[in-house]
Amino acid sequence: GSMSGRSQGWAPSKGARCVMRGLNARPELNGVRATVLSEEAIASDAGEGRWEVRVWDREGTQVRIKASNLEPLMASMGAQGSPELPTDGVNMALREWMLKEGGSGFRHFLGVLQEGEVKDPPTPLLALQHRMAENLGWWADASDVAAVLSDRETVRKLLLQVTQENLKLGIAMMKVNEMTGQEAIVLFDCLGCQSPIAGPAHSECSDTESIVWTATLTHLCGDVNVQTVAHRAMVLLGLVCAVLAWEDERLEGAQQLMLEEAVADHNAMLVPTLVGTLDNCATTCPVAAHLAGGLIGLLVVRRPASVFADLDPVPMLDALHKYMGYIFGLVSNNTCSVEESFGITALLDVVPLLYLLADWRESHEQLKKRKIIADVGTLCVNLLHTSRVGAGDTPDDLEMFPELGRNLLVMRSVYGMALSGSTAATCLREMPTSFAAACTLEVLGRWSWQGLPMHGRCAQVPADDETCDVCECIEEYLEAACSLSRHESGAFRCIEPLAQQLSLRGVKAHVPSKEESLVRKVVNRAVRLCALPTCRSTGELISCAGGCQGLARYCCEAHQKQHWERHKKFCIRQKKH
């Protein structure tokens, strides 16, 4: 969807995203997308001025193009954080059907998902339910959504269904893994359930013996329809993530209620079930794993103490170890931009969780036993190796890879709230690989600061030399880290001293200041809530002075005392470690 810039009076501007059209001298660029780099047209002897643009290819090619040969992209992000409704016939027909059938569009849509039945739907409805759930801003009114989700019982029922459906999905996928003796790839009848990085023609699926169709799974799960369970689990996950990620003040009350219910005692199985989805579905059902990882990230940056209190570090770290291996397989695939971008967004979704593990003392022994330190170190040096600072680090934008929409949903919300308007936000958009490399270095630095070793057996990375550990790998890529730190944006300036400290054995890294850090802005005051679930205060919070390392923070002493009865078990356990 693009339109003629000249006919509509559109003028290019720095940072604008566009499509090149009508080029006679460079016909291979027609239809290719690009980002405008220059502030204004560059004078030319040939007449009309040219605009410097960066082509969206792996080399980051820069060319000069006339404004008359540039068209704006239509799929820009809307003001409320959701893409504008596309105008293609299928989406418009679907919207008309929803309005006709539903009266209150969102209420009806939620009822359809909860009942699992649709009356005379158009043929593509099941696949497009995913798009509607994950992109509420296309069709739903924020006031309508807020009215429906202001009812506690409705929210409680929704989160209970998320738990139930993901529990069923995790069990089904675990049985698939047991049946195949490996992590197979499940192909679903619903295209919305299917990830673009999992298909028989894709690089991850070259071994046809690892492909399983849902039709063959019925005998594994008794009367459970695996396709129905998977579809409902993924659509409900997408819906909850979309509600929590939608930036609209009319939704604040509904979002706070959902966050309160998500960590309530009666919902204590929600986060452990999401961990199970992360563990069992990374390869078999990537859509579910990505959304589960994103939802855990959304919850943990708001109320980390409540999330960790419901978790056992052993299965949590087992799941993360498996998921980190899966992500590494994506970001290390330099032959496929889609896989690389999926891996980066999946990693950034769980970076806040990885960062906060430093303060979750109970997890430290498992971090070493499960070699999570080595996992993150391996990812870090791989990203430093593949990132091309300032030259070809292609933007992970919806305009480039529309299939990345569900991944970007959570990532843009969590990071956008903390980094809004900063140069770091621009780097996240324009240099995602470099941004991810910087974030993983900060995670390693935070772990080192809390006493976790970056050398020795627990930190050995895969290499021909078995003695190669994180310290040695960082030392090898120190020049790349320093180059990243000196980027003209200044967003990565804390990385050079951090990398230098991580490269030295026996030296604890210093945590960057909150002004310089990328990750601290995300996990700190910008989005964290008072630890008392019924309180909706944010901003300057008082850290608990007990053993929980400040994972619980409060808006006032009264709320800390009120929450102590529930918090004390976790806080005391932390102190023992």
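The values are calculated or read from the model by the stated rules, or taken from the named source; none is laboratory data. Computed from a predicted model, the values in this text were never measured in an experiment. So basically every Cβ, Gly included, is an ideal-geometry build from the backbone, and we count neighbours across all protein chains shown. Keep in mind that these areas ignore ligands, DNA and RNA; they rest on the heavy atoms of the full protein, side chains included. Shrake-Rupley method; radii C 1.70, N 1.55, O 1.52, S 1.80 Å.
Considering every residue within the stretch 300-314, establish whether at least one is in contact with an Asp or Glu (Cβ under 6 Å, 6 or more places away or on another chain) and modelled with pLDDT under 95. Within the stretch 300-314, one or more residues are in contact with an Asp or Glu (Cβ under 6 Å, 6 or more places away or on another chain) and modelled with pLDDT under 95.
Each residue in the stretch 239-265 was checked for being surrounded by fewer than 22 Cβ atoms within 10 Å (Cβ to Cβ), touching a Gly at 6+ places or on another chain (Cβ under 8 Å) and assigned to a helix (DSSP H, G or I), and 0 of them qualify.
Checking each residue of the stretch 41-51 against the condition of being at pLDDT below 85 and under 28 Å from the mean Cα position of the chain (by Cα) gives no match.
Taking the criterion of being without any contact (Cβ under 8 Å) to a residue 40 or more places away in the chain and assigned to a helix (DSSP H, G or I), would at least one residue in the stretch 540-557 satisfy it? Yes; the residues of the stretch 540-557 include at least one that is without any contact (Cβ under 8 Å) to a residue 40 or more places away in the chain and assigned to a helix (DSSP H, G or I). Which of the residues belonging to the stretch 307-326 are among the aliphatic types (A, V, I, L, M) and out of contact with any Leu (no Cβ under 7 Å at 6 or more places or on another chain)? ALA309, LEU311, VAL314, MET316, LEU320 - these are the residues of the stretch 307-326 that are among the aliphatic types (A, V, I, L, M) and out of contact with any Leu (no Cβ under 7 Å at 6 or more places or on another chain). Note on the stretch 492-510: among residues that are among the aliphatic types (A, V, I, L, M), open to solvent by less than 70 Å² (accessible area, probe 1.4 Å) and in contact with an Asp or Glu (Cβ under 9 Å, 6 or more places away or on another chain), the one that is farthest from SER420 (Cα to Cα) is LEU502. Looking at the stretch 193-205, is at least one residue modelled with pLDDT under 75, under 23 Å from CYS241 (Cβ atoms) and open to solvent by less than 30 Å² (accessible area, probe 1.4 Å)? Checked against the condition, which is being modelled with pLDDT under 75, under 23 Å from CYS241 (Cβ atoms) and open to solvent by less than 30 Å² (accessible area, probe 1.4 Å), the stretch 193-205 yields at least one hit.
Taken over the stretch 327-352, the criterion of being closer than 22 Å to GLY550 by Cα and in contact with a Leu (Cβ under 8 Å, 6 or more places away or on another chain) is satisfied by VAL350 alone. Report, by residue number, each residue of the stretch 276-285 that is open to solvent by 10 Å² or more (accessible area, probe 1.4 Å) and either assigned to a helix (DSSP H, G or I) or within 21 Å of PHE308 (Cα to Cα) (or both). Residues satisfying the conditions are GLY276, ASP279, ASN280.
Residues that are open to solvent by 10 Å² or more (accessible area, probe 1.4 Å) and in contact with a Gly (Cβ under 7 Å, 6 or more places away or on another chain) were ranked within the stretch 545-577; the one that is farthest from ASP265 (Cα to Cα) is LYS575. Starting from residues that are assigned to a loop (DSSP other than H, G, I, E, B) and either in contact with a helix residue (DSSP H, G or I) (Cβ under 8 Å, 6 or more places away or on another chain) or closer than 8 Å to SER503 by Cα (or both), keep the ones in the stretch 470-490 and report whichever is most open to solvent (accessible area, probe 1.4 Å). Once the filter is applied, the top-ranked residue is ARG486.
Checked against (1) in contact with a Lys or Arg (Cβ under 7 Å, 6 or more places away or on another chain); (2) modelled with pLDDT of 90 or more, LEU532 meets all criteria but (1).
Of the set (1) open to solvent by less than 30 Å² (accessible area, probe 1.4 Å); (2) closer than 28 Å to THR433 by Cβ; (3) not in a strand (DSSP E or B), all apply to GLY31 but (1).
When restricted to residues that are under 14 Å from ARG573 (Cβ atoms), in a helix (DSSP H, G or I) and either of a type outside the set (D, E, K, R) or in contact with a Gly (Cβ under 8 Å, 6 or more places away or on another chain) (or both), the stretch 351-365 contains 3.
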